[in-house]
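See below for the structure under consideration.
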Amino acid sequence: MKYSSFLEKKTFASLIPSFLLGGFCVLSFAPFNLPIIIFICLIGLLIIIKKNRLNGSYHAVVFGLGFFLSGIYWITICLNEYGQMHIFLSVIFTFFLCFFLALFFFPLSFFKKYHLHIFLIPVIFTLTEWLRSIIFTGFPWLSLGYSQVPNGPLAGFIPIAGIHGVTFLILITITILFKIFQNKYNSKSALLIVFLFIIWGAGEALKKIDWVNPVNDPISISLIQGNIAQDKKWSQDFLNESLLKYLNLIKSSDAKLIILPETSIPLMFHQIPSSYLDEIMSHAKINNGNVILGAIEKKENQFFNAAFSIGIDPIQYYRKYHLVPFGEFMPLKPLINYIYEHWLNIPFSDLSSGNKIQAPISVSNQIIGLNICYEDVFGYEIIKALPEATLLVNLSNDAWYGNSIAASQHLQISQARAIETQRMMLRATNTGVTSIIDKNGYLIGSLPQHKTAKLDGLAQGYQGSTPFSRLGNFPLILLCLAYLLFFVFIKNKRNISSL
């Protein structure tokens with residue numbers, strides 16, 4: 001019994017480095033932005049998996065657990081501080097979500113057996129990460145490719161292969177580096193070093209390619225950051241103060257396009273006083289422009305998270321399509337309705353989805369692809385507005401996550417969408433990070449978090465398409481599946497011939 005207990009302690013202790021490497025991996029993402037860290041941490045994990053006697057799947061999943069606990073701990077803040085769930089339950093829920101997401105790191109455990117195959121692990125991991133972006137409505141937050149945004153060595157591949165393509169190249173890099181160290185600088189190592197330099201050199205060279213061209217003159221913009229605390233946002237006692245704050249911020253701008261955050265007006269659109277809308281409309285006409293604001297829209301018995309454009313152009317709207325599970329709609333409603341009634345208090349948590357395909361809106365001399373909050377996490381959905389859209393606009397409210405790193409991570413995601421499509425991304429958020437992002441993913445300007453302000457600038461529209469905006473993830477997934485089928489076929493053929 002004593003020997004067995006000693007082994008169990010030793011086994012547990014051997015998992016600690018994997019857990020810590022997963023946690024440190026988050027330093028490659030915003031707000032830390034150290035893209036090289038992800039390579040160091042993943043190489044460390046593969047060395048552990050290769051040399052440790054313990055089943056590699058334990059190390060891979062524990063690495064993933066450390067990664068997500070460090071990266072999305074802020075879900076606890078959302079559930080506890082603003083959803084009013086008990087702290088114990090919110091921690092438990094967050095832990096199990098992180099554990100579920102950690103399972104998607106399981107393919108790294110195959111490295112112990114298949115380390116001689118450079119492409120196999122990157123292919124399988126890329127496929128599972130892509131699956132994470134679609135299964136149960138998808139949660140691609142912290143996909144590994146985001147670690148290279150905006151100026152990592154592999155960022156140049158984003159307009160061609162998207163974020164998952166960069167994930168593939170990160171895994172290719174670490175498997176090549178592992179083989180270089182393993183071969184101890186022989187002739188194979190030299191070839192692998194050349195291959196690695198080609199990949200990284202191409203990543204830098206591709207950054208210099210312009211896939212699109214400017215269209216029409218730039219337009220003046222103002223992005224409004226109202227900085228309304230989440231616990232006050234829907235309070236009737238704070239309603240007049242919210243309306244007045246936004247009206248004053250709008251009137252302080254002379255821009256042709258003024259953009260407010262998600263659900264900036266804490267009323268359903270039909271309940272907004274006509275006199276209030278008339279003042280906004282009047283000011284927009286004085287500026288010879290338009291105002292885009294967020295509000296809940298009621299149509300018959302359905303409620304939509306929507307954005308409305310009012311001003312010199314006819315009123316146009318966009319209804320959010322990709323809703324946040326548990327926050328904006330209830331999956332498995334009959335099973336978890338008790339949780340919502342007794343443990344959570346999230347306003348408008350049973351919304352309806354807008355149409356999957358919605359026409360971009362036309363304002364001034366530009367065509368805008370609108371998306372609301374969490375929607376810009378899904379690159380394959382953002383490209384539906386292209387090539388018609390000349391600008392991308394995101395209305396967000398990250399006040400749910402307090403002073404955590406969530407808002408910075410969300411900004412990095414928006415930067416990736418700009419690079420994928422080579423369109424400027426304009427982000428109007430409630431508490432930050434309100435930003436103007438150029439077509440290469442770099443910040444032209446941004447506001448400090450948790451400050452009431454407006455961000456003024458110019459927005460240039462672009463026309464044309466990147467390879468990713470035309471084809472999305474389809475070529476990458478097809479190539480990965482083709483390689484996997486080829487590998488299985490060859491492996492089975494060899495097994496049969498050896499009988």
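Miscellaneous remarks
- Residue match in the range 201-222 (condition: closer than 30 Å to residue 403 by Cβ and of a type outside the set (Val, Ile, Thr)): yes
- Conditions (1) assigned to a helix (DSSP H, G or I); (2) modelled with pLDDT of 95 or more; (3) out of contact with any Cys (no Cβ under 7 Å at 6 or more places or on another chain): number failed by residue 126: (3)
- Filtered residues of the range 265-294 (kept if modelled with pLDDT of 95 or more, in contact with a helix residue (DSSP H, G or I) (Cβ under 6 Å, 6 or more places away or on another chain) and either under 18 Å from residue 398 (Cβ atoms) or not assigned by TED's automatic domain parsing to the domain that holds residue 320 (or both)): none
- Within the range 242-274, the residues that satisfy the criterion of being hydroxyl-bearing (Ser, Thr, Tyr), closer than 21 Å to residue 447 by Cβ and part of a helix (DSSP H, G or I) are 242, 246.
- Checklist (1) out of contact with any Leu (no Cβ under 8 Å at 6 or more places or on another chain); (2) modelled with pLDDT of 95 or more; (3) surrounded by fewer than 21 Cβ atoms within 10 Å (Cβ to Cβ) applied to residue 99, failing item: (1)
- Test result for residue 252, buried (at least 16 other Cβ atoms within 10 Å of the Cβ), over 30 Å from residue 180 (Cβ atoms) and touching a residue at least 24 places away in the same chain (Cβ under 8 Å): no
- Some residue of the range 218-235 being free of Cβ contacts under 8 Å to residues at least 24 places away in the same chain, part of a helix (DSSP H, G or I), over 29 Å from residue 461 (Cβ atoms) and touching a helix residue (DSSP H, G or I) at 6+ places or on another chain (Cβ under 6 Å): yes
- Of everything listed in (1) surrounded by fewer than 19 Cβ atoms within 10 Å (Cβ to Cβ); (2) touching a strand residue (DSSP E or B) at 6+ places or on another chain (Cβ under 6 Å); (3) free of Cβ contacts under 8 Å to residues at least 60 places away in the same chain; (4) not basic (Lys, Arg), the single unmet condition for residue 291 is (1).
- Helices (runs of 4 or more DSSP H) lying entirely in the range 1-119 (those with 1 or more residues that are under 27 Å from residue 483 (Cβ atoms) and in contact with a Cys (Cβ under 6 Å, 6 or more places away or on another chain)): 2-25, 36-51, 56-71
- Scanning the range 395-415 turns up at least one residue that is small (Gly, Ala, Ser) and free of Cβ contacts under 8 Å to residues at least 60 places away in the same chain.
The values are calculated or read from the model by the stated rules, or taken from the named source; none is laboratory data. Remember, it's a predicted structure, so these values are computed and weren't measured experimentally. For neighbour counting, all protein chains shown are included, and Cβ atoms are generated from backbone atoms with ideal geometry for every residue, glycine included.
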